[in-house]
1. Please indicate, with yes or no, whether at least one residue in region 74-94 is over 23 Å from the mean Cα position of the chain (by Cα), at pLDDT 95 or above, surrounded by 10 or more Cβ atoms within 10 Å (Cβ to Cβ) and part of a helix (DSSP H, G or I).
2. Out of Ser16, Ser49, I need the residue that is in contact with a Phe, Trp or Tyr (Cβ under 6 Å, 6 or more places away or on another chain) and not charged (D, E, K, R). Which one?
Amino acid sequence: MDTIDQNILDMLRQNSRIPINELAMQVHLTPPAVSARIKKLQADGTIRSFTIQLNDEIENKGTTAYITLFMKYSRHQELRRFIQENLLIQEAHQISSC
């Protein structure tokens, strides 16, 4: 891997959808040469996949639910563990009554 490959990787890290023409201009190569380098980087395992980053505020526009639990048995530790391990639960609050 040379400095041109490293520059291509840096630009792809910032924007994996950058057009080949723009990449080519930035590294002073032709678009076919840049495409060949990207294919080589994929073939040798340097590039494993292209991904996207989602805006959490838009993506997480799901449902907010408030649930009240009344416990018949005092198995609070099991419930706490369940809440902590469940990735869908973002917040939990405890209210005790006298």
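1. Within region 74-94, not a single residue is over 23 Å from the mean Cα position of the chain (by Cα), at pLDDT 95 or above, surrounded by 10 or more Cβ atoms within 10 Å (Cβ to Cβ) and part of a helix (DSSP H, G or I).
2. Details: Ser49 fails: in contact with a Phe, Trp or Tyr (Cβ under 6 Å, 6 or more places away or on another chain).
Answer to the check: Ser16.
The values are calculated or read from the model by the stated rules, or taken from the named source; none is laboratory data. For clarity, every value in this text was computed on a predicted model and none was experimentally measured. As a convention, Cβ positions derive from the backbone with ideal geometry for all residues, glycine included, and neighbour counts pool all protein chains shown.
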